[in-house]
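First the structure, in the form of structure tokens, and then the observations on it.
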Amino acid sequence: MAHSDNATKAWVSAIPTKNADGHVTKWNCQYKYTLAVSGKDDFVNVFRKLVIIESPSKVPSSYTKTEILNQCRTEHWDLMFNKKYSHHLTLSGKTIDTDFDVSGLN
């Protein structure tokens, strides 16, 4: 199972740009993925997407969250989150020894 499948996903914002008729010409979207890391702070990533509406015909309130999200092509976000989270896990296994005393070396 992919890490993105276990992440909590939530809207940060969806800001519309409208034409003179009040129809949406583009959406500036931000969507957040959060996944707990054992013994550490949650891993959080916010994705951004500018969605251009080719044939503006709806006012912002006529859209559903699902409609907007489907236009964001979240498959790419899932893929990127999986890669970033996997990399984060490899880094979380490393420790920095700030108490190491170099003066004891030859």
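Read-outs: derived from the displayed coordinates by stated rules, not from any lab. These numbers were taken from a predicted model, which means no experiment stands behind them. Cβ sites come from the backbone with ideal geometry, for glycine too, and all protein chains shown count toward neighbours.
Excluding the site residues themselves, the longest part of the chain lacking any trypsin sites (Lys or Arg not before Pro) in a DSSP loop with at most 15 other Cβ atoms within 10 Å is 1-39.
Ellipticity at 222 nm from helices only: DSSP H runs of n ≥ 4 in the chain, each -39500 (n - 2.57), divided by the residue count, give -8500 deg cm²/dmol.
Taking the C-alpha atoms only, the angle from helix 74-92 to the longest principal axis of the chain is near 10 degrees.
Sum up the charges of everything whose Cβ sits under 15 Å from the Cβ of V51, counting Lys and Arg as +1 and Asp and Glu as -1, but leave V51 out. Computed value for this residue: +4.
Full extension of the segment from V59 to K9, taken as 0.36 nm per residue of separation minus the current Cα-Cα distance, would add 15.5 nm.
Placing R0 at 41 angstrom, the Cβ-Cβ distance between H87 and E67 gives a FRET efficiency of 0.80 after rounding to 0.05.
The structure shown yields Cα Rg over 2.2 N^0.38 Å, and of the options (i) 1.52; (ii) 1.59; (iii) 0.98 that calculated value carries the label (ii). For the chain, averaging the sequence separation of C-alpha pairs within contact (under 8 Å, six or more residues apart) and dividing by the residue count gives a relative contact order of 23 percent. Distance between the 7 Å Cα→Cβ label points at M80 and L50: 1.4 nm.
Using a cut-off of 12 Å between beta-carbons, work out the net charge of the residues near T34 (Lys and Arg +1, Asp and Glu -1, T34 not included). Computed value for this residue: 0.
A straight line joining the Cα centroids of the stretch 31-81 and the stretch 1-15 runs 7 Å. Summarising the label geometry, the points placed 7 Å from Cα in the beta-carbon direction at D21 and K40 lie 5.0 nm from one another.
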